[in-house]
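In what follows, a structure is listed as structure tokens, so that the remarks can point back to it.
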Amino acid sequence: MKALIFDFNGVIVDDEPIHFELFQKVLAEEGITLSHQDYYEHYLGMDDFGCLRVASRDQGKPLSEEKILELTERKNQYYQKVMEDNPPFVPGAKDFILQAVPDFALAVVSGALKREIEDLLSRLELIKYFPVLVAAEDVKQGKPHPEGYLKALKLLQKEHPKLKAEDCLVFEDSPWGLESAEAAGMPRVAIMTSFAKEDLNGALAYLKDFKNLQVRDFINSLK
């Protein structure tokens with residue numbers, strides 16, 4: 001492995017329950033119901049735009065693109081307030097990433113908004129180690145489509161021209177994220193913050209979190 005690519009929500013920061021509550025809140029403000037079951041079964045892997053678009057359509061109250069942008073911004077404002085005090089970072093994630101810095105190229109591929117990712121990585125003092133951030137605004141098709149991972153590969157190849165998809169190990173927490181990485185031809189590790197092992201197919205390994213994990217030993221264990 002030459003590169004490590006991380007999803008963000010549920011992998012670096014364990015905030016999927018927060019996202020659900022905020023999607024539920026902004027949709028309710030438009031008279032649209034979002035249940036816990038529907039979110040985790042259908043929408044969790046989508047970016048903010050896709051979740052609002054598809055959830056409203058599924059409830060028979062499709063939103064205009066202008067309204068989707070408005071609700072996305074409103075949700076982001078709520079998110080920033082919630083995350084001000086004590087963001088729920090995944091245990092061990094920061095140390096794992098810092099261990100990887102000398103030996104691996106690093107990237108984030110997420111359906112979150114870029115400013116959310118940049119803010120929280122800055123608070124962890126990790127932003128400088130991620131030259132490649134592919135966020136919701138950077139793709140036309142969110143997960144499970146492979147566009148985000150393929151774009152990250154192209155961006156990483158600017159500094160590492162010989163890098164191939166099979167050299168990139170992806171860390172994901174959702175079935176849609178794993179499917180996206182698989183379609184991009186990348187090996188995968190599942191982080192079980194949002195789903196149980198039986199819901200996360202095709203991973204080389206399954207982790208509860210990154211606590212006490214040694215990067216080199218872990219990578220070697222996958223061979």
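Taken together, the values in this text are just the output of simple stated rules run on the coordinates, not laboratory data. Since the model is a prediction, treat every value here as computed from it, not as a measurement. Cβ coordinates were reconstructed from backbone atoms using ideal geometry, including for glycine residues, and neighbour counts include every protein chain displayed.
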### Task
Using only Cα atoms, tell me the angle between helix 114-123 and the longest principal axis of the chain; keep it within 0 to 90° and round to the nearest 10.
50 degrees
### Summary
Taking segment 121-223, the whole-percent share of alpha-carbon pairs separated by over 18 angstrom is 55 percent
### Summary
Note: Tyr129 to Ser64 extended length (0.36 nm per residue) minus current alpha-carbon separation gives 19.7 nm
### Summary
To the nearest 10 degrees, the tilt of helix 16-28 (Cα long axis) against the first principal axis of the alpha carbons of the chain is 20 degrees
### Query
Cross-link list Lys81/Lys211; Lys61/Lys81; Lys158/Lys223; Lys94/Lys128; Lys140/Lys197; Lys2/Lys154: which exceed 22 angstrom alpha carbon to alpha carbon?
Lys81/Lys211; Lys61/Lys81; Lys158/Lys223; Lys140/Lys197
## Note on the structure
Computed from the beta carbon distance with a Förster radius of 35 Å, FRET efficiency for Lys25 and Asp95 to the nearest 0.05 stands at 0.60
### Query
For the chain, modelled as a GNM with alpha-carbon contacts under 10 angstrom, which of Ala28, Ala181, Ala203 fluctuates the most?
Ala28
### Calculated on alpha-carbon atoms, Rg and Dmax of segment 25-169 in Å
17.0, 51
### Message
Could you work out how much longer the chain between Asp119 and Val54 gets when fully extended? Use 0.36 nm per residue separation minus the Cα distance between them, nm to one decimal.
### Response
20.7 nm
### Query
Comparing His36, His145, His19, which has the greatest mean-square fluctuation in the GNM of the chain with Cα pairs linked when under 10 Å apart?
His36
### Task
Please build a GNM for the chain, connecting alpha carbons under 10 Å apart, and tell me which residue among Ile12, Ile97, Ile191 fluctuates the most.
Ile97
### Task
Evaluate the relative contact order of the chain (contact order divided by residue number), counting alpha-carbon pairs under 8 angstrom at least 6 apart; express in whole percent.
26 percent
